[in-house]
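Working notes, beginning with the structure itself.
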Amino acid sequence: MAKLGVNVDHVATIRQARGGAEPDPVAAAAIAELAGADGITIHLREDRRHIQDRDLKLLRQTVKTRLNLEMAATDEMVAIALQTMPDMCTLVPEKRLELTTEGGLDVRCNMEPLKSAVDRLRGGGIPVSLFIDADPDQIKAADKVGADYIEIHTGIFAEATDWKSEDRELIRIENAVKLAQKLGIGVNAGHGLNYGNIKRMTTVRGIEEYNIGHSIISRAILVGLERAVRDMVELVRFA
Ligand code: PXP
């Protein structure tokens, strides 16, 4: 049975819009766990645009399932990870101007720095996953640098506008899973998965965990809005 990791970055994005204390991603993570999430994912970005160092520290203390830290393979992030000891580190490419992670890591062209980051993290006892496209060469390179897991970038599948291209991408992902399994690497997947496309995605066997953020937080806003407005109406009308 596949697992669900809930990415709570967007909760921090809303908090940072006002620079205050709410909504708190730590509270959101606890609710996600109560609802059955198998893990919590956060991305501590170099520019700290959403998740803050404080969130990572508190989540390390409060998450009862598994804490997956997405991060760039920089010395600063490796040091933070070794200090806080998440249950897994997922190395992702990071560009300052991007809205969200765009595309997977180019492991083939960055073998040395990635191997160094993987070695330091694994040496400190943290399993490492590499966020990559469903590309056989990238998977072989991930194996060479010693990754425990890969997280397959599902963005192309999620953005497909017709069945044919969706099918083509599913086959590519299926083949990627098979290759990773042959090499003894665990497989997770994520990016752009939502309530409309997850059923088709789960037809691919062998993916251990799906990391989903945007669609879950978006839905939470809509399904929670009625209750939130009712609560405020009551306070305003019956004061
Ligand atoms: N996996 C990785 C590596 C990501 O960078 C992201 C986006 O933060 C996700 C999964 C989740 O993607 P989404 O927010 O589109 O569900």
Starting from the Cα-Cα distance between ASP53 and VAL223, subtract it from 0.36 nm times their residue separation and give me the gain in nm to one decimal. 58.2 nm
Just to check I understand the Karplus step: with θ = phi - 60° and J = 6.51 cos²θ - 1.76 cosθ + 1.60, what whole-Hz values come out for region 215-232, glycine and proline as x? 5, 6, 5, 4, 5, 4, 5, 6, 6, x, 5, 4, 4, 5, 5, 4, 4, 6
So what is the relative contact order of region 97-230, in percent, for Cα pairs below 8 Å that sit 6 or more residues apart? 20 percent
Debye, to nearest 20: dipole size of the chain, +1 on Lys, Arg Cβ, -1 on Asp, Glu Cβ: 380 debye
I'd like to know which of VAL11, THR62, ILE132 lies farthest towards the positive end of the charge dipole of region 1-142, counting +1 on Cβ of Lys and Arg and -1 on Cβ of Asp and Glu. THR62
Taking Cα pairs closer than 8 Å and at least 6 residues apart, the relative contact order of the chain in percent is 17 percent
About the Cα centre of region 99-195, how large is the charge dipole given +1 on each Lys and Arg Cβ and -1 on each Asp and Glu Cβ? Please answer in debye to the nearest 20. 440 debye
Would you mind working out the magnitude of the charge dipole of region 194-239 relative to its Cα centre, with +1 at each Lys and Arg C-beta and -1 at each Asp and Glu C-beta, to the nearest 20 Debye? 200 debye
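With each run of n ≥ 4 DSSP H residues scored as -39500 (n - 2.57), what mean residue ellipticity at 222 nm is computed for the chain after dividing by its residue count and rounding to the nearest 500 deg cm²/dmol?
Theoretical 222 nm ellipticity from helices: -15000 deg cm²/dmol.
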Please name which of GLY192, THR161, LEU179 has its Cα lying farthest along the dipole of region 158-197 towards the positive end, using unit charges on Cβ (Lys, Arg +1; Asp, Glu -1) and the Cα centre as origin. LEU179
I want to check a number: in the chain, how many lysine pairs have alpha carbons closer than 22 Å, given a sequence separation of 8 or more or different chains? 15
Quick one: THR203, THR90, fewest Cβ neighbours within 10 Å first, how do they rank? THR203, THR90
Using a Gaussian network model of the chain with C-alpha springs under 10 Å, which one of ARG18, ARG172, ARG205 is most mobile by mean-square fluctuation? ARG18
When the charge dipole of the chain is computed with +1 on Lys and Arg Cβ and -1 on Asp and Glu Cβ about the Cα centre, the Cα farthest towards its positive end, among GLY213, ALA73, LEU34, belongs to LEU34
Mean projection of the alpha-carbon convex hull of region 1-139 over all orientations, in nm²? 8.9 nm²
Taking the mean number of other Cβ atoms within 10 Å as a proxy for protection, how do you rank 184-191, 38-45 from highest to lowest? 38-45, 184-191
Can you give the local net charge around ALA27? Use residues other than it whose beta-carbon is closer than 12 angstrom to its beta-carbon, Lys and Arg +1, Asp and Glu -1. -3
Within the set of other residues whose C-beta is less than 13 Å from the C-beta of ILE51, count the net charge using Lys and Arg as +1 and Asp and Glu as -1. -1
Just report the Cα centroid separation between region 199-239 and region 1-42, whole Å. 11 Å
Could you check the spin-label model distance between ASP75 and ALA21? Points 7 Å from the Cα along Cα→Cβ, value in nm. 3.7 nm
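The numbers here are math on the coordinates, done by the rules we state, and not lab data. No experiment lies behind these values; they were computed from the predicted model shown. Ideal geometry is used to build each Cβ from the backbone, glycine not excepted, and the neighbour counts take in all protein chains shown.
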